[in-house]
Amino acid sequence: MLSEKSLIAELRRHHLFSRLPDSAMQEVCALAYAKRLNAGAALFHRGDKAERFYFIFSGQVKLHRVASDGQEKLVEVMRAGDSFAEALLFVGAPTYPVSATALKSTLVASLHGAHYRRLLEEHPGICLDILGILTMRLHQRLNEIDTLTLGNASRRVVRFLSQTQQECGEVMLDVPKRLIASKLGIQPETFSRILHRLTDAGLISVQRRRIEIIDPQSLAAYCD
């Protein structure tokens, strides 16, 4: 049972729960529990029964799978405030299609999937909000597919930097570079080599995990 008031309040602010009546939220918490994961600990494995979905209070969780060549493929990094595996409730998937592993010390809420779906059936108006969020995630996945279909590794890195940069023109790498390389479908050494090339060309500046975009226009045209 999830009973800590501060955690319930944080969960309550998430779009999956913000419009639930108090009585329904109490039911959710009665079947939920908080789970602490150490760095490297598995939350679930690909092929496990998909009976629960999750919300992250703190930390990071990587969603990943092993490709046919034996290499790990990063699907996504979930951060504090994110929920994941809830989409499986709507497609009826019996098992998780990916594995989930903590990247650092992480606190998650484990939530009962079938019960939450029943609550949605009782409160259909909430489904429109969830549909909007899932649509946004679909667009993100389509953008990622566009990036991965670019044959040139440099194009993939440039597109990643352009899409990830903040308004101030900076990119903060909050996960190891090897994971970013995995998501881009390239080797870690290739990712580092391209960053060095972009730095030598005066397009970016790299200070550990902080990347400054010095010349956005020239960066966008770099691969052309």
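Each value in this text was obtained by applying a stated rule to the coordinates, not by laboratory testing. Since the model is a prediction, treat every value here as computed from it, not as a measurement. Reconstructed Cβ throughout: ideal geometry from the backbone, glycine too, with neighbour counts over all protein chains shown.
A few notes on this one:
- Projected-area mean, the range 17-73, by convex hull of Cα positions, square nanometres: 5.5 nm²
- Degrees between helix 125-148 axis and first principal axis of the chain (Cα, 0 to 90, nearest 10): 20 degrees
- Per-residue Karplus couplings for the range 31-46, computed as 6.51 cos²θ - 1.76 cosθ + 1.60 with θ equal to phi - 60°, are listed in order as 9, 9, 8, 8, 10, 9, 10, 7, 4, x, 7, 7, 8, 7, 10, 4 Hz, Gly and Pro entered as x.
- Most to least packed among 96-102, 39-45, 128-134 [average Cβ atoms within 10 Å]: 96-102, 39-45, 128-134
- Backbone amide hydrogens, once placed in the peptide plane, bring R52 within less than 5 Å of G113, excluding anything fewer than 5 places away on its chain.
- Solution diffusion estimate, µm²/s, Stokes-Einstein, the range 150-220, Kirkwood Rh from C-alpha pairs, 25 °C, viscosity 0.890 mPa s: 204 µm²/s
- Multiplying the residue separation of R13 and S162 by 0.36 nm and subtracting their alpha-carbon distance yields 50.6 nm.
- Highest average packing first - 55-65, 84-94, Cβ atoms within 10 Å: 55-65, 84-94
- Sum of side-chain charges, G169 neighbourhood, beta-carbon under 14 Å (Lys, Arg +1; Asp, Glu -1): -3
- The chain, helix-only ellipticity at 222 nm - DSSP H runs n ≥ 4, -39,500 (n - 2.57), divided by all residues, nearest 500: -12500 deg cm²/dmol
- Among the lysines of the chain, pairs that are 8 or more positions apart or on different chains and have alpha carbons within less than 13 Å of each other number 4.
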